[in-house]
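Chemist: Sending over a structure as structure tokens; questions will come in a sec.
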Amino acid sequence: MLKRQLSNLQTYLGGIKYMTRLPNIVIIVDQQEEYTTLRQFITLGISTICLIDTNSDPNLVDISI
């Protein structure tokens, strides 16, 4: 069970350990699903591009498509 959890973490978060600094911009595909992540990017001052639907808030992102 632990090996499976480790494999999942490496799949989804493996690239983070090689990052030496914060990204300049982030692209978010689903604002409703990634709302917590979006709030963290706003707190860190990272620019965001977001694909939004009609039920999303376009005021939260820098560029909305």
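The values are calculated or read from the model by the stated rules, or taken from the named source; none is laboratory data. Predicted, not measured: the structure shown is a model, and the values here were computed from it. Cβ atoms come from the backbone with ideal geometry, glycine included; neighbour counts cover every protein chain shown. Heads up: the accessible areas ignore ligands, DNA and RNA and are worked out on the full protein's heavy atoms, side chains in. Shrake-Rupley method; radii C 1.70, N 1.55, O 1.52, S 1.80 Å.
Chemist: What are the trypsin sites (Lys or Arg not before Pro) within region 1-50 that DSSP puts in a loop, where the Cβ has at most 14 other Cβ atoms within 10 Å? Walk me through the numbers before you get to the answer.
Modeler: Values: sites: Lys3, Arg4, Lys17, Arg21, Arg39; in loops: Arg21.
The qualifying sites are Arg21.
Chemist: Right, something else. Quick check: net charge around Thr11, other residues with Cβ under 14 Å of its Cβ, Lys/Arg +1 and Asp/Glu -1?
Modeler: Working: positive: Lys3, Arg4, Lys17; negative: none.
Here the count lands on +3.
Chemist: Then there's this: Where the only charges are on Cβ atoms (+1 Lys, Arg; -1 Asp, Glu), what is the dipole of region 20-64 about its Cα centre, to the nearest 20 debye? Walk me through the intermediate numbers first.
Modeler: Details: 2 positive and 6 negative charges, 57 e Å.
It works out to roughly 280 debye.
Chemist: Alpha carbons only, please: Rg and Dmax for the chain, in angstrom.
Modeler: Calculated on Cα positions, Rg and Dmax stand at 14.3, 42 Å.
Chemist: Now, a different point. Could you tell me how many degrees, from 0 to 90 and to the nearest 10, lie between the Cα long axis of helix 2-13 and the main elongation axis, the longest principal axis, of the Cα atoms of the chain?
Modeler: For 2-13 against the chain, the angle is about 40 degrees.
Chemist: Round to a whole number: what % of the accessible area of the chain belongs to carbon and sulfur, probe 1.4 Å? Walk me through the numbers on the way to the answer.
Modeler: On the way: 3130 of 5530 Å².
With neighbouring chains kept in place, the figure for the chain is 57 percent.
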